[in-house]
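Below is one structure; the comments refer to it alone.
Just so it is clear, none of the values below were taken in a lab; they were calculated from the coordinates. Since the structure is predicted, the reported quantities are computational estimates derived from the model, not experimental observations. We place every Cβ from the backbone using ideal geometry, glycine too, and count neighbours over all the protein chains shown.
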Amino acid sequence: MSSITIPAREIPVIGDYDVVVAGGGPGGIPAAVAAARAGAKTLLLERYGYLGGMATAGLIVSILGTRASGTDEPMIGGIAAELCREMAQLGGAPDYDEAVKRGGIGFDPEVFKLVADTLVLGSGIDLRLHTWVADAIVEDGVISALVLESKSGREAVRGKVFVDATGDADIVWQAGASFTQGREFDGAMMAMGSMFRFGGADQERLPTGDAREEVMEKARAAVTAGEINAYNPGWGGKVYGRSVGEHMANSTRFAGDACNVEDLTRGEVQLRRDTWELIDWWRRNVPGLENAHLIQTPPHIGLRESRQMVGHDIVTGQDVVDARRRDDAVARCPYWIDIHCPLGRSKHGTHLCYKKCPNDPPCAMFEERYEDLPGNADDTHREGLFPRDGLWFDIPWGSLVSADIPNLITAGRCISCDHQAMAALRVMGTCMAIGEAAGEGAAMAADSTGADASAVDVAQLQERLRANGAPC
Ligand SMILES: Cc1cc2nc3c(=O)[nH]c(=O)nc-3n(C[C@H](O)[C@H](O)[C@H](O)COP(=O)(O)OP(=O)(O)OC[C@H]3O[C@@H](n4cnc5c(N)ncnc54)[C@H](O)[C@@H]3O)c2cc1C
């Protein structure tokens with residue numbers, strides 16, 4: 001590939017901050033709020049015109065990871081709970097305590113946007129929407145500034161501590177800090193996939209029980225025959241707070257690299273086409289969906305996995321199934337190793353990449369790297385993919401802090417972990433809990449450790465988190 005050299009030029013600096021958070025998704029929102037409430041002068045940068053990340057731009061409308069299975073014990077609290085309670089107040093989510101017990105919090109994405117704005121601005125954060133973080137400037141081994149691109153042109157912002165909540169570890173990559181991508185074996189990442197909204201479902205006539213299973217059999221056969229391309233040809237369910245007849249479905253999938261713009265382009269185009277074809281198939285084959293019509297595909301293709309920062313600590317798949325506890329825990333995750341097949345396969349009714357994958361013919365991972373696959377064929381406890389009932393694994397502070405750059409912290413799904421642990425801790429409940437810890441810790445580093453996040457007093461950080469109702 002040929003290249004050009006961009007001439008050096010002076011750009012304006014829009015401000016000096018204690019904490020700069022890049023990315024306003026489930027990881028970034030609580031990070032910014034926690035930092036600002038802890039007294040740090042905080043800036044939140046987001047490339048879109050609204051906050052929420054995958055929760056809004058991806059139409060992912062159910063917060064998972066809220067409690068350990070088999071118990072009512074909440075795994076999230078603090079700012080996540082505050083955001084959910086505010087949504088419930090506005091009719092955009094169910095009662096928080098009840099929903100936590102059920103294990104998931106459905107919500108209306110438009111209400112999420114509104115509540116996130118209020119929470120962020122009410123915490124005294126400087127918010128910049130429509131702002132793409134394009135580069136990180138590293139001087140003397142620390143990040144000194146970020147380069148921003150927007151309709152206002154190219155600008156920079158200086159900071160003491162930077163929180164990378166871009167989902168894709170963009171700042172980690174831009175700063176030249178170490179990261180991993182995908183599974184160790186071949187770098188392949190979990191399949192992308194887009195949720196979509198459709199209307200016109202006749203709720204009363206939708207098949208249930210055996211009748212539903214019959215239609216699903218036919219749908220799965222259509223997938224196997226290549227008539228439709230879906231990992232789950234089911235028609236999803238009602239969106240919280242939305243009208244009867246409107247559904248959100250999580251059906252499509254695309255195998256590719258979430259940090260490669262050509263793959264992203266191909267994925268967007270393919271998933272749109274697959275969505276139209278699936279709805280067309282439903283109209284012809286599912287009683288009650290004869291008049292189904294597409295309302296919306298998401299503004300951004302759904303991304304499950306991309307880059308993971310390498311931190312002082314790495315959370316592993318073994319930690320998940322061992323429900324490992326840590327002295328320096330700053331968040332908890334009760335979720336399981338839910339790896340969507342990186343090859344995008346799902347022909348035999350499962351999307352999971354694990355030891356019991358029924359896909360035929362088997363892939364190279366199955367034939368050559370069987371030992372690397374998660375799950376234990378002999379484990380009677382739900383295929384060895386879950387922490388035991390009532391248990392969770394801890395997220396240690398060291399997995400949020402870059403091993404290379406002392407003033408760089410991650411929040412959300414791009415923390416330091418392997419491919420298997422990532423498949424668990426990526427759920428939004430856990431991303432929010434991690435975010436709050438990241439922001440609180442970032443404020444402490446900016447205030448008292450000379451911006452060295454690895455020197456944060458973790459016992460004090462834990463005390464602060466617990467005082468705000470965040471379990472750790
Ligand atoms: C199809 C699908 C279904 C899922 N289902 C569920 C589910 O049911 N329940 C659940 O809890 N989780 C689910 N997830 C996972 C969950 O949505 C994500 O893992 C979670 O949103 C990650 O949060 P995050 O804040 O780390 O990243 P994101 O949600 O990706 O947020 C990152 C934010 O950073 C911004 N950003 C990125 N790069 C830049 C940049 N360079 N400059 C400025 N801004 C930038 C983005 O616009 C975005 O707002 C699902 C994911 C997918 C794809």
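Quick one: if the Förster radius is 41 Å, what FRET efficiency do Glu246 and Ser152 give, using the C-beta to C-beta distance and rounding to 0.05?
It comes to 0.65.
Under a 5 Å amide H to amide H cut-off, with H placed in plane at 1.01 Å, what residues pair with Phe179 once short-range neighbours are removed? Excluding prolines and chain starts, which carry no amide H, the hits are Val310.
Cα-based Rg of the chain per 2.2 N^0.38 Å, rounded to two decimals? Mind showing how you got there, number by number?
On the way: Rg = 21.9 Å, N = 472, 2.2 N^0.38 = 22.8 Å.
Working it through for the chain, the quotient is 0.96.
Our coupling estimate for segment 60-74, obtained by passing each phi through the Karplus curve with A = 6.51, B = -1.76, C = 1.60 and θ = phi - 60°, is 8, 10, 8, 8, 9, x, 8, 8, 6, 4, x, 9, 9, 5, x Hz, Gly and Pro reported as x.
Distance from the Cα centre of segment 1-65 to that of segment 130-151, in angstrom? Segment 1-65 and segment 130-151 have Cα centres separated by 11 Å. Each residue of segment 322-337 was assigned a 3J(HN,Hα) from its phi angle through the Karplus curve 6.51 cos²θ - 1.76 cosθ + 1.60 (θ = phi - 60°); the sequence is 7, 6, 5, 9, 10, 5, 9, 5, 10, 7, 10, 9, x, 7, 10, 7 Hz, with glycine and proline shown as x. Determine the shape class of segment 132-182: with a ≥ b ≥ c the square roots of the Cα gyration tensor eigenvalues, call it rounded for a/c under 1.5, and otherwise prolate if a/b is greater than b/c, oblate otherwise. Cα axes put segment 132-182 in the oblate bin. When trypsin sites (Lys or Arg not before Pro) are flagged only if DSSP places them in a loop and at most 10 other Cβ atoms lie within 10 Å, the longest unflagged stretch of the chain comes out as 152-472.
Taking H as built 1.01 Å from N, whose amide H comes closer than 5 Å to the amide H of Ile395, not counting residues under 5 places away? When sequence neighbours closer than 5 places are left aside, the close amide H contacts are Val330, Ala331, Arg332, Cys333.
Computed from the C-beta positions of Lys238 and Gln89, the FRET efficiency with R₀ = 25 Å rounds to 0.75. Remark: segment 156-161, residue by residue, has Karplus-estimated 3J(HN,Hα) of 9, 9, 9, x, 8, 10 Hz, where x stands for each Gly or Pro and the curve is 6.51 cos²θ - 1.76 cosθ + 1.60 at θ = phi - 60°.
Put simply, the amide H of Lys41, placed in the peptide plane, has neighbours under 5 Å in Asp18, Val19, leaving out anything fewer than 5 places away on its chain. Taken along its three principal axes, the alpha carbon spread of segment 195-296 comes to 43, 34, 19 Å, from the longest extent down to the shortest.
Footprinting exposure proxy ranking of Ile6, Ile105, fewest other C-beta atoms within 10 angstrom first, gives Ile6, Ile105. Its Cα centre serving as origin, segment 195-296 has a Cβ charge dipole (Lys and Arg +1, Asp and Glu -1) of approximately 200 debye.
Measure out, as a whole number of angstrom, how far apart the alpha-carbon centroids of segment 84-107 and segment 224-297 sit. A separation of 26 Å, based on Cα centres. Of all lysines in the structure, those lying under 21 Å Cα to Cα from Lys356, and not within fewer than 8 positions of it along the same chain, are Lys347.
Here the alpha carbons of segment 236-362 define both size measures, Rg and Dmax, at 18.6, 56 Å.
Ordering Val163, Val239, Tyr50 by the projection of their Cα atoms onto the charge dipole of the chain, which places +1 on the Cβ of Lys and Arg and -1 on the Cβ of Asp and Glu, puts Val239 at the extreme positive end.
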